[in-house]
Structures are given as structure tokens and as C-alpha cells.
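The structure appears below as C-alpha cells.
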Amino acid sequence: MSKDFWQKIKKPIIGLAPMDGYTDSAYRRICKDLNPEIVTYTEFTAAIGLKYGAKKLKEKLYFERKEKPIIAQIFGKDTDSFIKAAQLCEEMGFDGIDLNMGCPSKKVVKSEQGVALRKKPDLAFKLIEAVAKNVGLPVSVKTRLGLNDAHDLLEFALGAEQAGADMICVHARTFKEPYKVPAHWEPVYELKKHLKIPVLGNGGIVSLEDGMKKLGDLDGFLIGQASIGNPWVFLPEKQQPQTFEEKIPMIKKHAQMLLELRGEKYGSHHIRKLLLAYVKNIPNAKSYRLRLVQVANLEEIYEVLDEIAEVIL
Ligand SMILES: Cc1cc2nc3c(=O)[nH]c(=O)nc-3n(C[C@H](O)[C@H](O)[C@H](O)COP(=O)(O)O)c2cc1C
């Protein structure tokens, strides 16, 4: 994709937010099945690992055509790793590179990556500039409001734009705020007034309709947690399935794709938390917990899903 991808793409941009441990290729394909228009992101991937060609990390970046437009998200703190990783992503056929400047996880922040880069804006700008100059792909930045508040968001975003960022997405919570607290969108709306590049908002959106209400003058929004166990969030509310039985074919497809992607052993371990999320709102969900956290192959997954559907009919 050319550098003006974010300017040219149809607005409002709607995307699946990157979520480590969730939004792998199978998850993304399920969401794209339901809404082919959405933009997807990979889970965040360590630039330094990619630079040294780590096989596992390259596997993490696996994607299929149908997931496009797809953005590779990388994190790190040194220009050389960022450039090499971004070039690899370009070779792999990604549509854009996103630089993670928002991750609050202890491990990432302790090593001065993710949201910690907000404490070192000059380094952040150097990284953006280095990637923007060395790849032909559009470069975006995903960050938070700030560390404790949003006082430096505008300054940071203007610096990012000047360094060559083609889009910025703001998760409307601070570093200190857990994922469940209400997001504060006002600083993001204010930011939009001052930037030339597209601005996306993210945080606490529970449906497309909710996203449209929160959109204001922004260019788009990303949905994260509300899609876990509920990829139908990318459908208008009126088109969403009404019963668990209606959801089953998609859940089975997710399981099948995940086991294909990761192999039976790892895939069936990984699907367990997703199955728990899929059944979360059904009556008596707790009573299926034990079965769901023990599934070891596709037959067992299908069996327990069919049983649940029969019981709650
Ligand atoms: C389990 C989990 C993993 C996440 N992993 C990433 C990640 O890899 N990269 C990233 O930029 N943000 C990550 N995030 C943040 C989300 O992209 C998003 O900004 C955040 O969840 C707020 O959106 P929401 O309220 O719609 O979930 C993660 C969030 C969660 C809950």
C-alpha cells in the first residue's frame, strides 16, 4: 500500500484492535468473514526478534489475503531493529506498519518500550522517522492518552506527524488505567482538530452503533475487548444472531481454523479461553466451564458446543 493509504481508505475506518493472545490469523479471519470492510492488525511483535529472524515471531505474523488490509504491529526501542522488522513486514506483503507506543505491560514498559516511549518522545520520533524513511508502507502509531493524563498528547501526536507518521490511533485511556475503566474520548476529539493525518479512537466501544456515536469528527475507530467471544460485534446490531444455536457454525469454524493454524495440541489449549468467552452470556454458562477447559481436539469441541445448544434451546 502506498503512504497515502490512511488518507484514501473509505471513512469511517473500522478496525479490529490488536490484542496479544487473541487476534491471530484465525481470529482475524472470523471477524473479516462477518465484516469484510474492517482493517485488521497483528498482535504486537518484538522488532528485535524479527530483526534476528526468529521463526516463532514470523509465525506470529502469518496472515492470509482475506485479512487485508492488514497492519503489522511491532514494538521495540532501537531504530535498527525497527527498520529491519518493518522491511521484513513489507516483504511479507503487509499493508502498513504500526508502531506500538501504548502497551502498558510490565515487561515491555520496564525495558522502555510500548507506552514507556511517551517518556522519551524524542526517541519515539526518531523511531517513527527511521521506519517512515526506510519502508514504502504507511506508518502509523498506536498510543494512549498519556502516562497519568492527556496533557502531552497533542505535543506527542504533532511530533509523530512531523516525524512521518501517516495515522495515529489513540486508546482513550491512560497508562495507569485498567482496560475496563470507561475511556475518555474528549482529548482525542481535541487532538483531531490539530492534525492533518487521520486520527482513530479506541476504547470501550461495544457495537458498531456505539462506535458511530463516539466517532465525532474522527476518521475511525478500533474495537478490541468487545469482540472477544463476540466477533458479531462487527455486524450492525439488527443483523446479529439472536440465539446460541445460530452462533455455533461460526464458533466451530473459529475452532477449526485455530487448530489448523496452531496444530491440535496448542490450538485446542488456546481455544479454551475463547470458548469460555463465547458461552459467557448463556444461561448456566458456569456448568460447562470444566468441559470447555479440557477440550483436546475438534470432535470434543463440536460435541460440547452441540450439547450446549440442545440444552439451552
Ligand atoms: C488482552 C489484550 C491484549 C492487547 N494487546 C495489544 C497489542 O498487542 N497491541 C496493542 O497496541 N494494544 C493491545 N491491546 C490494547 C487494545 O488494542 C485496545 O487498545 C484496548 O483493548 C482498548 O480497546 P477496547 O476497550 O475496545 O478493548 C490489548 C488489549 C487486551 C485486552
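The values are calculated or read from the model by the stated rules, or taken from the named source; none is laboratory data. Computed from a predicted model, the values in this text were never measured in an experiment. Ideal geometry is used to build each Cβ from the backbone, glycine not excepted, and the neighbour counts take in all protein chains shown. To get the accessible areas, we keep the full protein, side chains included, count just its heavy atoms, and leave off ligands, DNA and RNA. Shrake-Rupley method; radii C 1.70, N 1.55, O 1.52, S 1.80 Å.
Restrict the check to segment 185-196 and report whether at least one residue is at positive phi and in the same structural domain as residue 38 (by TED's automatic domain parsing). The answer is no; no qualifying residue exists.
A search for C-beta distances below 8 Å between a residue of segment 89-106 that is within 16 Å of residue 141 (Cα to Cα) and any residue that is at pLDDT below 95 and of a type in the set (Gly, Ala, Ser), counting only pairs 6+ apart in sequence or on different chains, returns 100/114; 101/114; 102/114; 103/114; 104/114.
In segment 229-241 there is at least one residue matching the filter, namely being β-branched (Val, Ile, Thr) and either assigned to a helix (DSSP H, G or I) or not assigned by TED's automatic domain parsing to the domain that holds residue 143 (or both).
Quick one: would you say residue 223 is of a type in the set (A, V, I, L, M), within 16 Å of the ligand (Cβ to nearest atom) and either open to solvent by 10 Å² or more (accessible area, probe 1.4 Å) or closer than 21 Å to residue 297 by Cβ (or both)? So residue 223 fails the test.
Residue count for segment 83-100 satisfying the condition of being closer than 25 Å to residue 173 by Cβ and open to solvent by 50 Å² or more (accessible area, probe 1.4 Å): 0. So how many residues does segment 50-75 have that are on the phi > 0 side of the Ramachandran plot and buried (at least 24 other Cβ atoms within 10 Å of the Cβ)? Final tally of qualifying residues: 0. Looking only at segment 101-111, decide whether some residue is at pLDDT 95 or above and either loosely packed, with under 15 Cβ neighbours inside 10 Å or in the same structural domain as residue 172 (by TED's automatic domain parsing) (or both). Yes, the conditions are met somewhere in segment 101-111.
I'm trying to understand the selection: among the residues of segment 46-74, which are within 11 Å of the ligand (Cβ to nearest atom) and modelled with pLDDT of 95 or more? Matches in segment 46-74: 71, 73, 74.
Only one entry in 80, 33, 24 is open to solvent by 40 Å² or more (accessible area, probe 1.4 Å), under 26 Å from residue 276 (Cβ atoms) and among the charged types (D, E, K, R), namely 33.
Looking only at residues in segment 203-213 that are more than 20 Å from residue 7 (Cα to Cα) and surrounded by fewer than 19 Cβ atoms within 10 Å (Cβ to Cβ), the one that is nearest to the ligand (Cβ to nearest atom) is 206.
The set of residues in segment 119-137 being in a helix (DSSP H, G or I) and open to solvent by 10 Å² or more (accessible area, probe 1.4 Å) consists of 119, 121, 122, 123, 125, 126, 129, 130, 132, 133, 134.
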